[in-house]
Amino acid sequence: MKISVIGAGYVGLTTAACLAQIGHDVFCGEKDPEKLARLRSGKLPIFEPHLDTVIDAACKAGRLRFGSTEEAVEWGVAIFICVGTPPLPNGDADLHAIEAVASIIAKRATGYRLIVEKSTVPVQTGAQLRRHLGGHRTRSLDYDVASNPEFLREGTSVEDFLHPDRIVVGVESARAADMLREIYHPIIDQRIACPLHADCPPRKAPRFLVTDTNSSELIKHASNSFLAMKISFINMVSDLCEAAGADINKVAEGIGLDPRIGPSFLQPGIGFGGFCFPKDLQAFVRIAEKFGCDFTLLKEVERINQKRVDLMVEKIKTELWVLRGKKLCVLGLAFKPNTDDIRFAPALSIIRRLQTEGAQIQAYDPKAMDRAMQEIPDITYCQNVYEAAQNAAAVVLLTEWKEFQNLDWERLSGLVDRPLIIDGRNCLSRDVVASHGFEYVGLGGISAAAQIPAAVVNG
Ligand code: UDX
């Protein structure tokens with residue numbers, strides 16, 4: 001099918017690339033001329049595993065091209081709107097980019113078009129889109145508006161698109177539902193040429209959930225808010241473990257064994273960041289207020305999350321006393337591993353706080369340093385972990401990149417002034433680092449005293 005994707009950000013590029021990968025003829029429209037020029041020369045504006053190879057293959061196969069928004073609007077019978085909906089100062093989602101695309105569609109599209117909102121939008125945006133198109137369209141445009149929220153995670157977006165748990169569509173007509181089912185049928189049947197796994201293991205087919213647009217729009221905000229709530233919950237319990245002398249890793253494991261709870265998103269840490277959870281949470285609270293619903297619960301989720309930065313800074317001060325003039329080795333800047341994204345990254349908030357305390361930051365991140373330099377230019381960016389550890393009073397881990405879990409601890413202990421690790425993600429093994437002479441400080445009460453011998457644990 002000829003499909004257009006408007007907006008070449010995380011969601012737009014992944015959607016365009018993967019729809020081309022499963023056989024559709026895709027035109028990706030981008031209004032930023034610089035970004036468009038880079039894309040046309042094969043350079044991606046973001047780091048996302050596998051995305052470059054999938055885009056390259058799709059372009060070579062003639063199933064993907066890049067151009068202006070106007071060109072894209074005239075191309076596809078289905079038009080996926082994947083533009084940004086950043087937060088406004090009051091927390092509402094900024095929908096002006098969506099409206100701008102709708103105006104171009106109203107002016108330039110003819111014949112039947114299925115217009116699909118894939119950006120994260122507040123409930124009733126689809127209804128507003130319908131009204132806007134109805135009021136501005138040319139006589140020759142016949143259309144449906146549908147919602148099809150994405151649940152992609154940065155760092156695994158290609159995998160999440162091609163092997164989703166569910167595909168949610170919000171429609172007001174059977175025609176729209178049928179078209180979306182046809183668009184996604186290779187993924188629904190899991191009969192795709194998977195670019196990630198040579199022999200792609202058979203998987204459970206994703207659920208194709210058809211509902212109305214309002215419900216579909218709410219599913220997205222509610223899903224992200226629920227996951228954020230789970231993280232704030234485990235961080236709250238982590239603080240109690242610390243105070244009561246229990247082991248958060250074991251507690252998380254214990255509660256996660258209940259299939260009604262599940263083990264995922266129970267990793268304590270310095271808080272959630274990224275371009276989705278913080279803004280979706282705020283937008284969801286604002287939406288609820290507009291409809292007179294009390295979402296105090298989610299305000300608390302946000303408050304607990306913001307306090308993680310304070311907690312981590314206090315933990316570092318407890319270990320190091322005066323920070324003024326001390327060198328700190330900071331490992332990890334991205335809001336999570338496998339991405340170069342630093343938007344709302346807790347690591348940057350912590351670094352800014354440590355700077356105000358007079359600490360000298362020697363930072364390293366495998367992918368996110370270029371972006372971090374634009375945000376915080378006045379710290380030392382290092383070529384690798386060992387350079388960052390030079391004469392450090394402590395090693396502070398803020399993003400759980402895999403490479404930080406397999407370091408040469410011997411070499412590291414020879415570089416630091418004090419062999420102290422403060423693990424803001426509980427991703428290192430206390431026993432391993434302790435066996436190399438490091439003091440280990442994690443989250444959630446896993447103190448040396450509390451450790452019972454492995455022989456007891458494993459029986
Ligand atoms: C999220 C949703 O997962 C995805 O479905 C949606 O489409 C977009 O938003 P993403 O922002 O890429 O994806 O990140 P995610 O992997 O969900 O992590 C979000 C934040 O929570 C990160 O800062 C991560 O470090 C933190 N996190 C995650 C925890 O602190 N603990 C956990 O157990 C899991």
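Give me the lysines in straight-line cross-link reach of K367: C-alpha distance below 20 Å, same-chain residues under 8 apart excluded.
Correct list for K367: K35, K43, K336, K402.
Compare F80, F291 by solvent-accessible area with a 1.4 Å probe and give them largest first, with all protein chains kept in place.
Accessible-area ranking of F80, F291, largest first: F291, F80.
Grab the beta carbon distance between N384 and D189, set R0 = 41 Å, and tell me the FRET efficiency rounded to 0.05.
On the way: r = 45 Å, r/R0 = 1.10.
With R0 = 41 Å, the Cβ-Cβ based efficiency is 0.35.
Under a point-charge model restricted to the Cβ atoms of Lys and Arg (+1) and Asp and Glu (-1), what is the dipole moment magnitude of the chain relative to its Cα centre, in debye to the nearest 20?
720 debye
Please compute the modelled spin-label separation between D199 and W321, points set 7 Å along Cα→Cβ, answer in nm with one decimal.
Each label point is offset 7 Å from its Cα along the Cβ direction, giving 6.1 nm.
Sorted by accessible area (1.4 Å probe), largest first, how do M1, M369 line up?
In descending accessible area the options line up as M1, M369.
What does the extension gain come out to for E182 and D212, with contour length at 0.36 nm per residue minus their alpha carbon separation?
Taking 0.36 nm per residue and subtracting the Cα distance, the gain is 9.0 nm.
With charges only on Cβ, +1 for K and R and -1 for D and E, what is the dipole size of the range 276-315 about its Cα centre, in debye, rounded to 20?
For this selection, approximately 100 debye.
What is the list of residues in the range 202-218 whose amide nitrogen lies under 18 Å from a point 7 angstrom out from the Cα of Q128, following Cα to Cβ?
Hits in the range 202-218 for Q128 at 18 Å: 213-218.
Mind giving me the FRET efficiency for A174 and M373? R0 is 45 Å, r the Cβ-Cβ distance, nearest 0.05 is fine.
0.30
So for the pair K307, E253, with labels modelled 7 Å out along Cα→Cβ, what separation do we get in nm?
Those two pseudo-labels are separated by 2.7 nm.
Which of V396, G437, I316 sits closest to the plus end of the dipole of the range 310-459, meaning its Cα is farthest towards the positive end, when Lys and Arg get +1 and Asp and Glu get -1 on the C-beta?
After comparing all options, I get I316.
With +1 on each Lys and Arg Cβ and -1 on each Asp and Glu Cβ, and nothing else charged, work out how big the dipole of the range 1-157 is about its Cα centre, in Debye to the nearest 20.
Once rounded to the nearest 20, the dipole reads 420 debye.
Write out the cysteines belonging to the chain for which the nearest other cysteine Cβ is not under 4.7 Å, or none if no such cysteine exists.
Cys with no partner Cβ under 4.7 Å: C18, C28, C59, C82, C241, C276, C293, C329, C382, C427.
Along its principal axes, what span do the Cα atoms of the chain show, with the longest given first and each in whole Å?
For the chain, the Cα extents along the three principal axes come out at 73, 46, 46 Å.
Among rounded, prolate and oblate, which fits the range 155-260 when a ≥ b ≥ c are the square roots of the eigenvalues of its C-alpha gyration tensor, a/c under 1.5 means rounded, and a/b larger than b/c means prolate?
oblate
Multiply the residue separation of H136 and S41 by 0.36 nm, subtract the distance between their alpha-carbon atoms, and state the gained length in nm to one decimal.
Net length gain for the segment: 30.7 nm.
Scaled to the compact-protein estimate 2.2 N^0.38 Å, what is the alpha-carbon radius of gyration of the range 238-378, rounded to two decimal places?
1.20
Put a dot 7 Å past each Cα toward the Cβ at K107 and E314; how far apart are the dots in nm?
Rounded to a tenth, the inter-label distance reads 5.5 nm.
Specify which residue in the list A37, A109, L19 is farthest towards the positive end of the charge dipole of the range 1-155, using unit charges on the beta carbon of Lys, Arg (+1) and Asp, Glu (-1), about the Cα centre.
Of the candidates, A109 comes out farthest on the positive side.
Using R₀ = 30 Å, calculate the FRET efficiency as 1/(1 + (r/R₀)^6) where r is the Cβ-Cβ separation of T296 and A244; round to 0.05.
In this case the efficiency is close to 0.70.
Excluding residues on the same chain fewer than 8 positions from K317, give the lysines whose Cα lies under 17 Å from its Cα.
Partners within reach: K307, K326, K327.
Nearest 500 deg cm²/dmol is fine: what mean residue ellipticity at 222 nm does the chain get from its DSSP H runs of n ≥ 4 alone, each adding -39,500 (n - 2.57), divided by its residue count?
-13500 deg cm²/dmol
With a sphere of radius 11 Å drawn around the Cβ of D417, what net charge do the other residues whose Cβ falls strictly inside it have (Lys, Arg +1; Asp, Glu -1)?
So the surrounding residues net to +3.
Of the DSSP beta bridges with both residues in the chain, give the percent that are antiparallel, rounding to the nearest 5.
5 percent
The values are calculated or read from the model by the stated rules, or taken from the named source; none is laboratory data. None of these values were measured; they are calculated from a predicted model. Here Cβ is always computed from backbone atoms with ideal geometry, including for glycine, and neighbour counts include all displayed protein chains. These area figures cover heavy atoms from the full protein model, side chains too; ligands, DNA and RNA do not enter into them. Shrake-Rupley method; radii C 1.70, N 1.55, O 1.52, S 1.80 Å.
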